[in-house]
Amino acid sequence: MIGYLLKRLLSAGLVLIAVSMLVFALLNVIPGDVAQTLAGDSASQEQIAAKRRELGLDRPLPVRYLEFAQGVVQGDLGKSAISGRPVSQLLMERFAATVNLALAALVVAIFFGLLAGTIAAVRAGGYVDLLVMMFTTLGESLPSFWFSLLLIQFFALHLGWLPVLGAGTLAHLVLPAISLALPAIALIARMVRGCLLDVKSADFVRTAHAKGLSQLAVWREHIFRNAILPVITMLGLYLGNLLGGAFIIETIFAWPGLGRLVVQAIFDRDFPVVIGAVLFIALIYQVLNILVDLAHAWLDPRVGTEAM
């Protein structure tokens, strides 16, 4: 198991290196010049060149990447080209808000996804199953931003129950959390239903019924326990998606998280912030992947044995 963990850590390190190189190269070839943005539209070519030298943009790309990589190893992601503040400080300030939003969305998604998926599996083939699957298909098909606008129109503008923009209270969290959770609810419900039906038809479940166990005991001890493993794996990976993929939702609701920070940095051509945020989100994905694998091995000892 230790050897498997070391291999995963090495693999995660290589992925982060590849991500940093790719993002650093792409951001330096796309249109836009942060030096021109900072110097102003009326700046002369000499002023723009001076600003580029000040920011270090006049040096070759490999040299700038090596300096960036050296700083990352030392825990320094550089400074924002716009505000001059350390990128790591900006990320930490926004990360807490994104975590709050992602965890709230995950709790909503787990509760309603497990409930809907279990009901559909228990009533498989009936009208309830058909209704649940219809709603999950609709949830996967609707764009999050469009659903967000519907929620704003109904609950904020029409009923006046909830605020639209900003953060600070629990009420501010409701609409963005539900908007972010909708695709996850549909995905979890469909996966839970499929896993439960697969396990329900297994031989050991029929054996449990033949031994005289009650329906509740069979579902609790045999079906749920064996069907939950792939769901846990998916939940861990989807948490990373919620943390790193809330850009649109955070922008719509003016939620002060990582997504809104990155969107603003892209518009401002603040590439140090963009690179630092992308690398930070990639790190979150890798950590969550490793934690999911360890949780999977803990719940199913066969996984840890095969990994050794």
- Note on the structure: For segment 174-190, Karplus-derived ³J(HN,Hα) couplings (6.51, -1.76, 1.60; θ = phi - 60°; whole Hz; x for glycine and proline) come out as 5, 5, x, 5, 5, 4, 6, 7, 3, x, 5, 4, 4, 5, 5, 4, 5
- Query: When you count, for each residue, the other Cβ atoms within 10 Å and take the mean per peptide, how do 138-149, 156-167 rank with the highest first?
  - Reply: 138-149, 156-167
- Message: On a straight-distance basis, which lysines could pair with Lys79 in a cross-link, Cα separation under 26 angstrom, same-chain partners fewer than 8 positions away excluded?
- Response: Lys51
- The set of residues whose placed amide H lies less than 5 Å from the amide H of Lys79, leaving out same-chain residues fewer than 5 positions away, is Val87
- Tell me, what ³J(HN,Hα) does each residue in segment 153-161 have, in order and in whole Hz, if you take phi through Karplus 6.51 cos²θ - 1.76 cosθ + 1.60 with θ = phi - 60° and put x for Gly and Pro? 4, 7, 7, 9, 7, 7, 8, x, 7
- Task: Under a cut-off of 30 Å between alpha-carbon atoms, report the lysines in cross-link reach of Lys211, not counting same-chain residues fewer than 8 places apart.
- Result: Lys200
- Task: Determine which residues of segment 61-84 fall in the zone a paramagnetic label at Ile17 would reach in this model, i.e. backbone nitrogen under 16 Å from the point 7 Å along Cα→Cβ.
- Result: 65-74
- Using +1 on the beta carbon of Lys and Arg, -1 on that of Asp and Glu, and nothing else charged, what's the dipole of segment 87-204 about the Cα centre, debye to 20? 80
- Query: Calculated FRET efficiency, Met92 and Leu229, Cβ-Cβ r, R0 35 Å, to nearest 0.05?
  - Reply: 0.55
- Message: From the gyration tensor of the Cα coordinates in segment 90-269, what semi-axes in whole Å does the equivalent ellipsoid have, largest first, with each one equal to sqrt(5λ)?
- Response: 37, 18, 13
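Every number in this text was worked out from the coordinates using simple rules, so none of it is lab data. For clarity, every value in this text was computed on a predicted model and none was experimentally measured. Note that we place each Cβ from the backbone using ideal geometry, even for glycine, and neighbour counts take in every protein chain shown.
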